[in-house]
Structures are given as structure tokens and as C-alpha cells.
Amino acid sequence: MRIDSETCIACELCLPYCPMGAISMDDVAVIDQEECVDCGVCLRSGVCPSDCFIEEAAPWPRSLRATFSNPLTVHKETRIAGRGTEEMKTNEVTGRFKRGWAGLGVEFGRPGIGTRFRDVDKVAQALAKAGVEFEPMNPVTRLMVDQSTGKINDEVLNEKVLSAIIECRFPLEKAPAVLGALKEAAKEIDTVFSVDFINRVEPDDSVPAERILTEIGIPPSINGKNNVGLGRPLAEGGD
């Protein structure tokens, strides 16, 4: 995204709309291209009275910014807009996480911080060392040059996006090691992230994740999400 300096009237109306704070005011409005994630909020807001925002197609790897940040952009790999993933929300249909397994979602950059892929890379590599399996239908996974190590393509490490999500799965008994690796990796990154920990409810209505989190000293949140299985389940019994 750029601003036409010839038509900008320096009204400052656009400044509050940038989620990254990348627009500043000199004689006219200026976009810090290093901090801009090409999300398009400034343009779609319609607040500019002189229509001076110009959206241009960016070359690789800059093009990833819009792909991950603009909710109207569809990822070619997954055919899903926004961050390009269903975020583990359809497990009752897809059967990703069977009994005895857990899933982890690590969401970087929200709210209002953003993330560079160098931070995503550090966490992905830490999780890989702990023995996770990365979700194949996830655009961050598609950026890895080696899923066994979690290494993300060096070409994209400096690209900044509004948000990105790592998704993976692992046997429940690995949960303490996986969460421990995530805790250590958090010390090395320069953004924020939230963590989703998912597993199937057992026939006796117990939730293994609750027990595991309690045992390792992480208070489980009471506002967890339960999918009620309105789809046609593919994960039956212990499969």
C-alpha cells in the first residue's frame, strides 16, 4: 500500500485506521513500508476524502503480507481467506485429532502487534524438536522448507504480517514437553501469541487437556470451546 503524495491533503483522518500504526504525518501522510502489512484497512475504511491510497500487487516475498493480513485474500494452498486456516474448529468433521492425541494452535501477532516470520520460525523449530506433526492444510506449514525441523523459508523471515497461526498435533503424553518447549521459545521472540490446546472429550465426559494442564501448573481457562459435532464425524472411537 502507498499514498499518493500529490493528492493527500494531510487531513490525518487515516491515522487511527492502521492496525500497525504504520501511517505517520509529515507534510502529507506517509506509510512506513517496513511496518505496513498490506492489510488494506486504510483503503477499505473509505475515510480518505481525496482517495489517495493506492493498492499495488507486490512481488514475492512481500506478497505474503497481503496474503496473511488482508481478510479478502484467499490462500492458494488452502483456498481459505485471511490467515488461510480453519483453525482446528472443524475437528468433528475432519477428524484431525483422534483419541490419545492433542492439537495445538499458536496464533502470533494479535491484537494489534503483528509478527514477522522470523518469530514464527523460532517457535516452529522449537515445536518440531518436541516431536509435533504440523498440520498440512495450513499456509505456515507450506512455508516450511523442512517440516521435520519446522524451518521456514529464509526468504520470508523478515516479512511482517497481521497474524499467522502454527497448527500441529502430537500424542497426549508429549504435551508437557511440547508446552515446555513453547514456553522456552517465548523468551526468544519479539511479538505476542496465544495458545489453543485441543483434544477430544472422553466418553466419561473428562477432558484430558484439563488434567494435563493442571498437572504442569497451567491453570486451564473456563471459557474453553466445545464443538458439538453437528457435522458428520470422521473421528470415531479410538481411531
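Just so you know, all these numbers are worked out from the coordinates, no wet-lab data involved. None of the values given here were measured: they were computed from a predicted structure. Please note: Cβ atoms are built from the backbone with ideal geometry, for glycine as well, and neighbour counts cover all protein chains shown.
Bridging of LYS187 to aspartates and glutamates at a Cα separation below 13 Å is possible for ASP119, once same-chain residues fewer than 8 apart are set aside.
When each of THR78, THR67 is scored by the number of other beta-carbon atoms lying within 10 Å, the sequence from fewest to most is THR78, THR67. Under the simplified labelling scheme, the VAL195-ILE113 pair shows an inter-label distance of 1.4 nm, with each label point 7 Å from Cα along Cα→Cβ. To test your reading of the geometry: what angle, between 0 and 90 degrees and rounded to tens, separates the Cα axis of helix 175-185 from the longest principal axis of the chain? Once rounded, the angle reads 30 degrees.
Dipole orientation for the stretch 76-215: of the candidates CYS168, VAL156, PRO208, VAL156 has the Cα lying most toward the positive pole (charges on Cβ; Lys, Arg +1; Asp, Glu -1).
What is the extension gain from ARG44 to GLU173, computed as 0.36 nm multiplied by their sequence separation minus the C-alpha to C-alpha distance, in nm to one decimal? Write out the running numbers ahead of the final one.
Numbers: separation 129, 0.36 × 129 = 46.44 nm, distance 4.65 nm.
Gain on stretching ARG44 to GLU173: 41.8 nm.
For the options THR115, THR214, THR85, a Gaussian network treatment of the chain with springs between C-alpha atoms closer than 10 Å singles out THR214 as fluctuating the most.
Ignoring aspartates and glutamates fewer than eight residues from LYS174 along the same chain, the ones with Cα atoms less than 12 angstrom from its Cα are GLU133. Taking ARG116, ARG211, ARG169 in turn, the Gaussian network model of the chain (Cα-Cα springs below 10 Å) assigns the largest fluctuation to ARG211. Positive end of the dipole of the stretch 1-56 (Cβ unit charges, origin at the Cα centre): among CYS52, ALA29, TYR17, the Cα lying farthest that way belongs to TYR17. Taking the Cα centre of the chain as origin and assigning +1 to Lys and Arg Cβ atoms and -1 to Asp and Glu Cβ atoms, the resulting dipole is close to 760 debye.
With 5 Å bins beginning at zero, the pair-distance distribution over Cα atoms of the stretch 49-144 amounts to 2, 10, 18, 23, 19, 13, 7, 4, 2, 1, 1, 0 %. Panel order for LYS122, LYS174, LYS183, by other beta carbons found within 10 Å of each beta carbon, from fewest to most: LYS183, LYS174, LYS122. Rounded to the nearest 20 debye, the dipole size of the stretch 1-56 about its Cα centre is 260 debye, using +1 on the Cβ of Lys and Arg and -1 on the Cβ of Asp and Glu. Per the Cauchy relation, a quarter of the hull surface: what is the mean projected area of the convex hull of the alpha carbons in the chain, in nm²? Here the figure is 14.6 nm², rounded to one decimal. Under 19 Å from a point 7 Å along the Cα-to-Cβ line of VAL28: which residues of the stretch 50-78 have their amide N that close? Zone members listed by number: 50-57.
As a proxy for reagent exposure, ranking ARG118, ARG65 by other Cβ atoms within 10 Å from fewest up yields ARG118, ARG65. The residues neighbouring ARG118, those whose beta-carbon lies less than 12 Å from its own, together hold a net charge of -3 under the Lys/Arg +1, Asp/Glu -1 convention. Placing pseudo-labels 7 Å out from each Cα toward the beta carbon at GLU188 and ARG79 gives an inter-label distance of 3.7 nm. Ordering LEU72, GLY82, ALA130 by Cα displacement along the dipole of the stretch 1-140 toward the positive end leaves ALA130 in first place; charges were set at the Cβ atoms of Lys, Arg (+1) and Asp, Glu (-1).
Taking the stretch 95-118 and a reference point 7 angstrom along Cα→Cβ of ILE218, the backbone N atoms nearer than 18 Å belong to 97-98, 100-110.
In the chain, the DSSP-assigned H stretches of four residues or longer account for a calculated mean residue ellipticity at 222 nm of -5500 deg cm²/dmol, using -39500 (n - 2.57) per stretch and the full residue count as denominator. Assuming charge only on the beta carbon of Lys and Arg (+1) and of Asp and Glu (-1), the dipole of the stretch 1-117 about its Cα centre is about 1060 debye to the nearest 20. Against the chain, whose longest principal axis is taken from its Cα atoms, helix 117-129 shows a tilt of about 10°.
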